[in-house]
Structures are given as C-alpha cells and as structure tokens.
1. Scan the range 110-124 for residues that are within 16 Å of ligand 1 (Cβ to nearest atom) and either more than 21 Å from Asn14 (Cβ to Cβ) or surrounded by fewer than 20 Cβ atoms within 10 Å (Cβ to Cβ) (or both) and report the count.
2. Take the residues of the range 212-269 that are touching a Leu at 6+ places or on another chain (Cβ under 8 Å) and open to solvent by 20 Å² or more (accessible area, probe 1.4 Å): which is farthest from Leu73 (Cα to Cα)?
3. I'm checking my understanding of the structure. Among residues of the range 219-246 that are among the polar types (S, T, N, Q) and touching a residue at least 40 places away in the same chain (Cβ under 8 Å), which one is farthest from ligand 2 (Cβ to nearest atom)?
4. Scanning the range 150-164 for residues that are of a type in the set (Gly, Ala, Ser) and surrounded by fewer than 24 Cβ atoms within 10 Å (Cβ to Cβ), which turns out nearest to ligand 2 (Cβ to nearest atom)?
5. Could you tell me whether Ala169 is within 16 Å of ligand 2 (Cβ to nearest atom) and open to solvent by 20 Å² or more (accessible area, probe 1.4 Å)?
6. Quick test for you: out of Val76, Val44, pick the one residue that is within 13 Å of ligand 1 (Cβ to nearest atom), under 22 Å from Ala97 (Cβ atoms) and of a type in the set (Val, Ile, Thr).
Amino acid sequence: MAARARGGAAAAFNVITVEHAEAIVTGAEAAGRPVILQISENAVRFHHGRLAPIAAAAVAVARASTVPVALHLDHVECAELLDEAAPNGFGSVMYDASRMSYADNVAATAAAAARCRALGLWVESELGEVGGKDGAHAPGVRTDPDEAAAYVAATGVDALAVAVGSAHAMRERTARLDHELIARLHAAVPVPLVLHGSSGVPDRELTAAVSGGMAKINIGTALNTAFTAAVRATLAGRPELVDPRKYLTPARIAMADTVTAALRLLTPL
Ligand code: G3H
Ligand code: ZN
C-alpha cells in the first residue's frame, strides 16, 4: 500500500447514490489524493438488490477522475454477491462474517477468500464485530491480537477489519480508540488493518490510529451528515424549490469538502 509506505493510510468512502461517487471523486481531486469508492451490500439492497447500475456509475466516475480511484465492495454477508464484484469493476471486497461465532467466521471467510482469490479479488474480512451496523451498538467488543493472527492464518485474507473502539453510524465524533490494542494488533497481524466506523472518530484519534498501524480508514456517515445538513439548509423555508439539482448541488459540494479534509488528514501526498 503506497499510502502506508508514506506513513499514512488509504481512505475509503461509502457510495450510496451517483452524487456520492461524484462528490467523493471531486473531493479526492481537490486533495490530489487517490481514493477508494466502496459500495456496501446495504446500498445494493437500497438499489432494489441490483449492484450493476450503481457500480457502472461509480466505474464511469472513477474512469473520468484525474486521481487514481479503486472500487471496493463493502460488508458483503451474502456470498453470492461476491461473484458479481469482478464483472462489475471491483478490485476488492470485504466479506463480513463477523456476526458469526469464531469457528463459523473462520470457515465462511476461508471459503469466501478462496472464491475471491480465484476471481482475482483482494479480500478484507472482519473479526470482533464493529458495532452499529443495524443500530446494535456493542461498544465493548474488541479484537484479540492472538486470535486475529490465528484467524488471518486460517482464512488467508489480505486485510483485517478490527474492533478497537469505533462503531458504525455515529453522527458525533466522540469515539475513543484503544491505541494500545491497535499497536498490539499491528505487531501480531501480518496483513493491513482496517478501521470501520471512522465517522465517529475525532481527527487526533484517527491520526494516532494511522500512526499505530491502521492502513485503511472507512468513512460513510460523515459524508451523509454533511450532505443532509446542506439539503436541510437549502430547503429550509423554500417550499417553491423543487428541482433536485438546486439542493443536491450544495449537498454534493459539502460532501466533497468532507472528503478533501479527510484525505488531507489521512493520506500523505
Ligand atoms: O464500512 C463502512 C464504514 O465502516 C463506515 O462507517 O458510516 O460509521 O463512517 P461510518
Ligand atoms: Zn464498516
């Protein structure tokens, strides 16, 4: 990972709509940094269960970019979806069996990783469930370093998402990370570590996590918070305003600015 070699991390941002892909790439271009667009199984569900249309849009936006853009399929729980990744332009996937018991997670992830490798995909998985995926926040969950090392050896994954204090879908940046645990995980695990639920993590905690060994930082909710605040501000007291372009334009700019700031913080030039 080039960002890691320069002492930083890669940043991955969640795409739900075409405007997300446009905003994220615009923000990356403004920062002059490479970026990862990620589409989750959840977002696919929103698009009536179809990956192809939103993936095609993201690929087209990526191809038109002036900075390098990678496409990642995120939080895949339905193994059949993995087969759709490569044909739709994705170079990597995150297979998420973290809700399962340790033994079941190992078995399911090893099978998924073998399936992905045969398709030429880079595979991330998760051990120690990062809370908040469906409102079920479990703040106390932590990934054990020895178990993580054994898990990576048993599954053959290329990167590992770990539970170190963050939680998904936080709108306030109040999370506190366990930096001592990050250092121990970094020492024990031979593949890049991934931080999920990064929207709720303050800047200083994020930079400390990257210094401690986090290689990929996943950000979703912070983009939606900025986007929706701009929509609300634009529409407030304006019942005559009905053209979506009028409120999506400032929303997309607010999202792009959030991406630029995050990339400047996390990914070195
Ligand atoms: O996989 C996606 C990320 O973990 C995003 O989490 O929406 O809390 O930033 P977030
Ligand atoms: Zn996540």
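The values are calculated or read from the model by the stated rules, or taken from the named source; none is laboratory data. On a predicted model such as this, the values are computed, not experimentally measured, just so you know. For neighbour counting, all protein chains shown are included, and Cβ atoms are generated from backbone atoms with ideal geometry for every residue, glycine included. What goes into the accessible areas is simple: the full protein's heavy atoms, side chains included, and nothing from ligands, DNA or RNA. Shrake-Rupley method; radii C 1.70, N 1.55, O 1.52, S 1.80 Å.
1. Matching residues across the range 110-124 total 1.
2. By that ranking, first place goes to Leu241.
3. Thr225
4. Out of the qualifying residues, it is Ala159.
5. yes
6. The conditions single out Val76.
One line per residue, one yes/no per condition, for (1) surrounded by fewer than 16 Cβ atoms within 10 Å (Cβ to Cβ); (2) of a type outside the set (Ser, Thr, Tyr); (3) within 26 Å of Leu263 (Cβ to Cβ):
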{"position": "Ala62", "(1), (2), (3)": "no, yes, yes"}
{"position": "Asp74", "(1), (2), (3)": "no, yes, yes"}
{"position": "Ala79", "(1), (2), (3)": "yes, yes, no"}
{"position": "Ser101", "(1), (2), (3)": "yes, no, no"}
{"position": "Asp104", "(1), (2), (3)": "yes, yes, no"}
{"position": "Gly128", "(1), (2), (3)": "no, yes, no"}
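Results for (1) within 26 Å of Met170 (Cα to Cα); (2) over 18 Å from the mean Cα position of the chain (by Cα); (3) hydroxyl-bearing (Ser, Thr, Tyr), shown as yes or no for each residue.
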residue: Arg50; (1), (2), (3): no, yes, no
residue: Pro53; (1), (2), (3): no, yes, no
residue: Val67; (1), (2), (3): no, yes, no
residue: Ala103; (1), (2), (3): no, yes, no
residue: Val106; (1), (2), (3): no, yes, no
residue: Thr109; (1), (2), (3): no, yes, yes
residue: Arg117; (1), (2), (3): no, yes, no
residue: Trp122; (1), (2), (3): no, no, no
